[in-house]
4 protein chains.
Amino acid sequence: MESVGVGLIGTGYMGKCHALAWNAVNPVFGDCPDIRLVHLAEVSEDLAAAKARELGFEKSTAAWRAVVEDPQVDVVSITTPNAFHAEMAIAALEGGKHVWCEKPMAPAVADAVRMRDAAVKSGRAAVLGYNYIQNPVMRHIGALLEAGEIGAVHHVRFEMDEDFMADPKAHFFWKSEAASGYGALDDFAVHPLSLIHTLLGPVSSVMADMAKPYDRRPLSDGGHRPVETFDVASVLLRLESGAAGTLCVSRSAWGRKGRVAMQIFGSEGAILFDQERMNEFQLYRNQGHSANQGFSTILASPDHPPYDRFLPAPGHGLGFNDQKVIECRQLLSAMSGDPAHVIDFEEGLAIERTIHAMARSFEEGRWADVPR
Amino acid sequence: MESVGVGLIGTGYMGKCHALAWNAVNPVFGDCPDIRLVHLAEVSEDLAAAKARELGFEKSTAAWRAVVEDPQVDVVSITTPNAFHAEMAIAALEGGKHVWCEKPMAPAVADAVRMRDAAVKSGRAAVLGYNYIQNPVMRHIGALLEAGEIGAVHHVRFEMDEDFMADPKAHFFWKSEAASGYGALDDFAVHPLSLIHTLLGPVSSVMADMAKPYDRRPLSDGGHRPVETFDVASVLLRLESGAAGTLCVSRSAWGRKGRVAMQIFGSEGAILFDQERMNEFQLYRNQGHSANQGFSTILASPDHPPYDRFLPAPGHGLGFNDQKVIECRQLLSAMSGDPAHVIDFEEGLAIERTIHAMARSFEEGRWADVPR
Amino acid sequence: MESVGVGLIGTGYMGKCHALAWNAVNPVFGDCPDIRLVHLAEVSEDLAAAKARELGFEKSTAAWRAVVEDPQVDVVSITTPNAFHAEMAIAALEGGKHVWCEKPMAPAVADAVRMRDAAVKSGRAAVLGYNYIQNPVMRHIGALLEAGEIGAVHHVRFEMDEDFMADPKAHFFWKSEAASGYGALDDFAVHPLSLIHTLLGPVSSVMADMAKPYDRRPLSDGGHRPVETFDVASVLLRLESGAAGTLCVSRSAWGRKGRVAMQIFGSEGAILFDQERMNEFQLYRNQGHSANQGFSTILASPDHPPYDRFLPAPGHGLGFNDQKVIECRQLLSAMSGDPAHVIDFEEGLAIERTIHAMARSFEEGRWADVPR
Amino acid sequence: MESVGVGLIGTGYMGKCHALAWNAVNPVFGDCPDIRLVHLAEVSEDLAAAKARELGFEKSTAAWRAVVEDPQVDVVSITTPNAFHAEMAIAALEGGKHVWCEKPMAPAVADAVRMRDAAVKSGRAAVLGYNYIQNPVMRHIGALLEAGEIGAVHHVRFEMDEDFMADPKAHFFWKSEAASGYGALDDFAVHPLSLIHTLLGPVSSVMADMAKPYDRRPLSDGGHRPVETFDVASVLLRLESGAAGTLCVSRSAWGRKGRVAMQIFGSEGAILFDQERMNEFQLYRNQGHSANQGFSTILASPDHPPYDRFLPAPGHGLGFNDQKVIECRQLLSAMSGDPAHVIDFEEGLAIERTIHAMARSFEEGRWADVPR
């Protein structure tokens, strides 16, 4: 690849994040093809034009199909609401474009399957936006696990919590509608699952409980409406590796702002991490005199690539958006057919099947196997 | 009560802890009857005599019944292995003594029921050694919850972890034998349950998974023996209050030394605590401008009674053994018929029934109700 | 300004950081003029060409004067070693360019004075790269102080520590030569001083001690060479505001990687911060019942502008390089004559005079006033 | 010694702490002579009698000389205000008693010298109540330093802060009177100095600044009175060992409740500690791959004697008062002529001379040597 033409559909939270990554990937890594920001789609011509100027795109449109059909576009970033992912991603793949799609894939498994099939058929890179796996600290944790630094992992605990739905006085909005999905399960649980998949391998069976902290929420014009989704889920996990553990997620956890916490226990040590302090992790190893054993807090550093591409000094810290720049670089590798550390549509489908198995286990009150 | 005669059966870890408490309770609180350390039992005459001198008891014996029958003894501390609790406690109660018995009550529910019945019949104080509920920080958390400071509690997560069985090379010992109980469930889970009971009320139904990190352990004379107990348990909880959550316990969690952690989420805030830092807790309240909201780390202080009985200065800190002194003071209240913050045999039985329901849910692979 | 042409001299650590900022500033803020990356200078034609491609600049040169004389260039980023700052910055200012120069200004006060004079005469923006003042958390701390949230500040403690010179076995290199300056004083102390200046106002008098942890260092070809600079400095401070405190800096502090810590004590509360956890700070206020008072750990959020320009979600975190993007945005304001939160050459000169007063106090063994 | 008769003068904060220690020392350590609590003095007969009953003493008196003259008393705990220490300690020593005296020795150096001389002449144990040196974690830190685990120490930073005088609205009381001493210097600085002496050796020269956060304080009957003492002090230190550093103390540091913090930097690593979390410390060593280096948080455990005498389980934690029990055990060793880890009157005098040198350096505005 000498150059890469980029299309972008959607410019919200994640759309801007993609655009920042496309702007930064070559200055940061210095080994990429030329990145040309070609075509951007938004819901109106005016908004699209404004955003194109702001984010550095050459052309803009209110018709997203113009992006996936643009011959100058090689790869399409899809950052629209989940309900649109399948149609857009499949159209792009069928148009011969590579696809960088935000997670989760689609509310219905059937759509996720169609997306996976389209990706396989196209032979193009089809990568999901599971950015937490790109944190250099997380990559290093993966390397430690692979090297057996904490021995055989037998028990894990994962949590993902925020508080944007913690206030019972907050008005009913679309995330409380059944149409938006199960709730915290598909909103959050997929993220820890992306970590579990890349660090520990797939989940074999699950047993979930779900809860509604608030049965109903006020409407802006008075009155109330029953809440249809579950802001909290707690899950028992068994992994194919033989390890077991828990996964807890909540959108109503006061005080938690971006917690993605994990505890991994092995036969020779343990590893702790929390995304709210994304530039550090804790390592315990049963080594040396017990009088001096403790969890070491290790700060992100150039020893944890590709941190070194951002900063030559340890402990200075990356940010959330930098993860997306790394993901973008991995996507470019995938587009070139090189090895890439990503969640593609195949693995993304496995993650979503795990979520649906969780919901099933909750409805049936018993363990559910995750279909392969 | 003008004076209290104390008997002690067992002088191991908890036996010494009881003795320290009996020595300290009046100097610390200054409002107790005279405490006379009367009679101590150990497995041999020699050991009993040595320990009596060391711990300040007047008489010693190798026959524990001599203690429960001693007319000078008003209350008996029972700190022997669990298997002996029922016989000793019932004998003491039937002898008209008050009883201070270490947890858990007994391996079999039937024995715990007999203990409860003996206590009811005797009209004596029958108190279990659930010392974590006595931490002044924990008492203050209870007061905050009761005052509604974090609103209605809807979700909780409890953990109790240590690493004394984390090393796979450690020899097989009695805690890996089925005769010792389920494993981490009765060893550890009862402690968080004592907190749940006093802070949040009883558990209504449970769904547990249990795991053996290591299938077998080496024998000291070579060869291996299969492990019969579960060092790890993970449990989904539903409380009578309507709140739900998780309880995770492990005896094989490298790096954890005395972790008893809890996260309590309510409609107006959240509370965090970890016994490894027993002199602080964290409080988040949805109050004031969001730009200045965060978890406050609050240090134990004289504002959290009875910390003030130990120290007039905040932030100087109590220790594990001080909890037992407080428990001892509460026991004295119970003996006088005054209100006391304790887990008595009635509530202790409810806790043990919860443990057995967990084991049942694991065996059956489905939710189990906790019998009342 | 409809568009801004950018020149860059130097592409090392800070040069890349400037380039990343120039690439990101408009996508992040969306309210900037067009940013054109025009001309880049490096020590050789080849390196310059390679870096220009990598960092997105149109032209490259090995002659830095070509950049400051380029009519398409409006602003020049100067990120070369300190010894070159004066010549380059003055040439750029005299050429009518705005200047964005890394700190500190120059080894000699006389040169810093000449830079300040050139800036005044030119009427152009002349901004120094004191990026820690741009952290949204730090801006919020400034707002809290200004609003009197912790009352009148009376005592402060600042620290800046890293360990890149902590190893006594590391070879002698240029930072141990007297020609490089005093040592930790000019390398590090200027950063906390930039925070002191923006948060608390200027320093009036100082009393410093300096130390060499290692008297000599090995040479690569065998033998040793005496160390000529001071890797550690400890300073007593008195501020014009009446507050007092300490400033400690070390380049040989094992375990510290990017510590820039401050403790600010006022009559109504206190604020703590450490750059190693740059996305949080701690606030204590003497408000409410003392039983619930503690340091609140507040995570960076959209409530702390301009965090909101990077991320709509709280607690997700910015990185070190994001601070430079904010600094770049402030520079653009300064170039437009709008209010800007920057350290300009005037204030930078005051900071450097403070450093020299510290060195003087050390040599003379008594307090030194900071000249105005 | 077959048995030890104890006298106690004063039953306030520290008096109670001594009494608790005397009650606990044998049950905890199990290797002490019989401890008989013989005679207690307080300001009135009634108070003395009440406290004697509460704290377990046989006799009580309002005449403190009755205690030091009681032939049944072997050792006298002196916990009265500093102004009385010299007279009482000297009387006790001259009466052939051992002395356990709270710190600091006396407001005037001359009195401290007389106390030291009386101790030398008597040949009795004369021990000061510097309890922070007794923390098992601190003892372990001492062992690590002695073993060279962090190499040669070159830089240290000590802090001791509380907030009991942080409120400017608090009424003027005796601690703001010049008669009470310098202020934070003698109130607090002696404690970090006790750590410096035991861990790192004596201080050779000092340079101090002192500050009054509030010039005047309200009187209870209206009006104000000028504050005569300094609630804050900041000191540059040079140690005889060649290390250097800082010592900062404040009685007006909002949010700090019992902070005694230290940072010790050596050529091979670093150690951090804060008494507010007295059951842990942090150790960094330049060992192994830099990618895995970080500060290890090590919890107090039976590996750190004499923690094992209190608890067999790691991470369960000691409290402030337990330090005094250890100090009491060390005192008993000193009384028997065995090696003891204590600050005796000789070393206590060196500490107080250091304080006075600090005050002198402040008054003179230049470095002051500490007289030997």
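Structure data summary
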quantity	calculated
Antiparallel DSSP beta bridges within the protein assembly as shown, percent to nearest 5	60 percent
Debye log10 I(q)/I(0) for the protein assembly as shown, one point scatterer per Cα, at q = 0.03, 0.04, 0.07, 0.08 Å⁻¹	-0.15, -0.27, -0.84, -1.09
Theoretical FRET efficiency, 1/(1+(r/R0)^6), r = Cβ-Cβ of B:A143 and C:Q72, R0 51 Å, to 0.05	0.15
Between region B:1-69 and region A:152-202, the Cα center-to-center distance that results, in Å	53 Å
Low-density loop cleavage sites - GluC sites (Glu not before Pro) in region B:1-65, where at most 10 other Cβ are within 10 Å (DSSP)	B:E2
14 Å beta-carbon shell around D:M160, net charge (K/R +1, D/E -1)	-2
For region C:282-331 versus region D:219-285, the gap between their alpha-carbon centres in whole angstrom	27 Å
Fully extended contour minus Cα-Cα distance, from C:F84 to C:H224, at 0.36 nm per residue	47.5 nm
CD proxy at 222 nm, helix term only [per DSSP H run n ≥ 4: -39500 (n - 2.57); per residue of the protein assembly as shown; nearest 500]	-10000 deg cm²/dmol
Distance violations [Cα-Cα > 32 Å] among A:K59/A:K121; A:K212/D:K257; A:K175/D:K257; C:K175/D:K257; D:K16/D:K97; C:K97/C:K212	A:K212/D:K257; A:K175/D:K257; C:K175/D:K257; C:K97/C:K212
Other-chain or far-sequence residues with amide H under 5 Å of C:K59's (modelled H)	C:H39, C:L40
Cα centre as origin, Lys/Arg/Asp/Glu Cβ charges: the protein assembly as shown dipole, Debye	0 debye
Local net charge near C:G222, Cβ-Cβ under 14 Å (Lys/Arg +1, Asp/Glu -1)	+3
Sum of side-chain charges, D:A243 neighbourhood, beta-carbon under 15 Å (Lys, Arg +1; Asp, Glu -1)	-3
Magnitude of the charge dipole, region D:260-372, Cβ model with Lys/Arg +1 and Asp/Glu -1, debye to 20	140 debye
Average beta-carbon neighbours from other chains, 10 Å sphere, peptide C:324-332	0
Shielding by other protein chains, C:154-167, mean Cβ within 10 Å	5
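Coordinate-derived values only; no laboratory data. This structure is a prediction, so every number in the text was calculated from the model and none was measured. Cβ: placed from backbone, ideal geometry, glycine included. Neighbour counts: every protein chain shown.
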